[in-house]
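The values are calculated or read from the model by the stated rules, or taken from the named source; none is laboratory data. The structure presented is a predicted model; accordingly, all values stated were derived computationally and were not measured. Here the Cβ positions follow ideal geometry from the backbone for every residue, glycine too, while neighbour counts run over all protein chains shown. Keep in mind that these areas ignore ligands, DNA and RNA; they rest on the heavy atoms of the full protein, side chains included. Shrake-Rupley method; radii C 1.70, N 1.55, O 1.52, S 1.80 Å.
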Amino acid sequence: MGLSRLNRLTKSDNFAKIKKSKRCRKFLSGGFVFYICPNGKNVSYLAVVCSSKLGDACKRNRLKRLVHEVFRLNNARFLQNADIIVIPQKEVMPLVNYRYIEKYFLEAFQKARFLKI
């Protein structure tokens, strides 16, 4: 089904604001870097930033689709809405599958205390 366009962060100015925000927290989990910033709005936003160093477009887009799907299916479990930036590292690419991404995505949200158990 995919992630709605309404739930995506798309502008690079938004990325810079989120990373510089004092309320934003950075987490490393399973080869992913997560920036999680509470936004006080009625909806959570997600951005996946993939460098071309990760592989060809097909592989990068598959990784993005899987992260979007994990976000979409677990969005109801968040305690509050947030702006989220996910940056996968190179070592993740050989391990890409839904379960792996879900495990570390939810682990980061538990560390941030954003997830209902």
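A 1.4 Å probe, protein heavy atoms only, puts the accessible area of Leu95 near 80 Å². Here the Karplus curve 6.51 cos²θ - 1.76 cosθ + 1.60, taken at θ = phi - 60°, turns the phi angles of the range 46-60 into couplings of 9, 9, 10, 10, 10, 7, 5, 5, 6, x, 6, 4, 4, 5, 5 Hz, with x standing for Gly and Pro. For the chain, the relative contact order comes to 34 percent (Cα pairs under 8 Å, sequence separation of at least 6).
The amide H of Tyr45, built 1.01 Å from its N in the peptide plane, has Ala82, Asp83, Ile84 as neighbours under 5 Å, considering only residues 5 or more places off or on other chains.
Using θ = phi - 60° in the Karplus curve 6.51 cos²θ - 1.76 cosθ + 1.60, the 3J(HN,Hα) couplings for the range 87-98 round to 10, x, 9, 4, 5, 6, 3, x, 9, 5, 7, 4 Hz; x is entered for Gly and Pro. Distance distribution note for the range 6-117: the fraction of Cα pairs above 25 angstrom is 14%. Ordering Ser29, Ser52 by accessible surface, largest first, gives Ser52, Ser29; the 1.4 Å probe counts only protein heavy atoms, with every chain in place. When Lys and Arg each count +1 and Asp and Glu each count -1, what net charge do the other residues less than 13 Å away from Phe114, Cβ to Cβ, add up to? Within the 13 Å Cβ shell, the charges total +4.
Count Lys and Arg as plus one, Asp and Glu as minus one, and take only other residues whose Cβ is under 14 Å from that of Phe34; the net charge is then +3.
Taking 4.7 Å between C-beta atoms as the pairing limit, the chain has these partnerless cysteines: Cys50, Cys58. Remark on the range 59-101: hydrodynamic radius 11.4 angstrom, per the Kirkwood mean of 1/r across alpha carbon pairs. For a 18 Å ceiling on Cα separation, which of these pairs sit above it: Lys26/Lys111; Lys53/Lys90; Lys41/Lys64; Lys17/Lys41? As for pairs spanning more than 18 Å Cα to Cα, those are Lys41/Lys64.
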